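Encoded as structure tokens, the structure appears first; notes follow it.
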Amino acid sequence: MNQDAEPTSTDTRTDTSSTDTGSTDTTGTDKRSDRTKAAILRAARERFAAQGYERTTIRAVAADADIDPSMVMRYFGNKAHLFDAALAIDLRLPDLTDVPAEKLARVLVRHFLDRWEGNPADEALLVLLRSAVTNEHAATRMHEIFASQVAPTLAAALGPETARRKAGLVSAQLLGLGLTRYLLRLPAVTALTRDEVEDGLAPAIEAVLAPK
């Protein structure tokens, strides 16, 4: 049985956000709806982080959010759409317009170290990376995020054509860091200090960015 097919649950729990008693209640209804969606997304992030894409089910997320599974389907349609919404990631890449060419690589490495080792909310990026290793949908989502954000950021410093050609290898270096340091936790990589990571990885990225 497909656990992620649209539920036909007879659960008597209801979502009051769907009740509109008139125009005067619109604001309150919208706020309840927002709270419901926020609860679903919070539960989904925790489930995806703990169990990955394949093992997470709509019913489990609904149970964690204490709502009927049909409400998850109402707001997000299916597990793939829920995954995309829960892991809508803005890499928040820095503006590289005025960054000297010789500092570009270090700025990028430092930024990703800050993302992964700073704000706990940024675990979403690692959840996506973990899922992308084994799931095609997650891998496609990861590709879309990096393709749509890394290349335009590099374009500010390198120009659009050069950025398009080099963004893939730059992304490979940065994702490799995330995979080995934070997911696989290879001892030789986790033992490095931030400065050592920066000193070791920046020259590799510099070589990719160098004019040819």
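Note that the stretch 171-212 presents 55 Å² accessible area per residue, ligands and nucleic acids not counted, probe 1.4 Å.
How about Lys79: which lysines have a C-alpha closer than 26 Å to its C-alpha, ignoring those fewer than 8 places off in the same chain? Hits, sequence-local ones excluded: Lys31, Lys37. Report the Cα centroid-to-centroid distance between the stretch 25-84 and the stretch 138-193 in angstrom, as an integer. If we compute the Cα centre of each part, the gap is 29 Å. Relative to the longest principal axis of the Cα atoms of the chain, the long axis of helix 104-117 makes an angle of roughly 40 degrees. Can you match volume of the Cα convex hull per residue in Å³ to one of these, (i) 150; (ii) 177; (iii) 141, based on a calculation from the structure here? Matching the structure shown: (i).
Computed from Cα atoms, the angle from the helix 123-132 axis to the main principal axis of the chain rounds to 90 degrees. Solvent-accessible area of the stretch 68-202 (1.4 angstrom probe, protein heavy atoms only): carbon and sulfur portion equals 55 percent. Taking 20 Å as the straight-line reach from the Cα of Lys212, the lysines in range (excluding those fewer than 8 positions away in the same chain) are Lys103, Lys166. Relative protection proxy for 57-64, 30-37, from highest mean packing down: 57-64, 30-37 (other beta-carbon atoms within 10 angstrom). Modelled spin-label separation between Asp98 and Lys212, with each label point placed 7 Å from Cα along the Cα-to-Cβ direction: 3.2 nm. Packing order of peptides 149-156, 204-211, highest average first: 149-156, 204-211 (average count of other Cβ atoms within 10 Å over each peptide's residues).
The values are calculated or read from the model by the stated rules, or taken from the named source; none is laboratory data. Because the structure is predicted, anything quoted here is derived from the model rather than measured. Backbone-built Cβ (ideal geometry, glycine too); neighbour counts: all protein chains shown. Heads up: the accessible areas ignore ligands, DNA and RNA and are worked out on the full protein's heavy atoms, side chains in. Shrake-Rupley method; radii C 1.70, N 1.55, O 1.52, S 1.80 Å.
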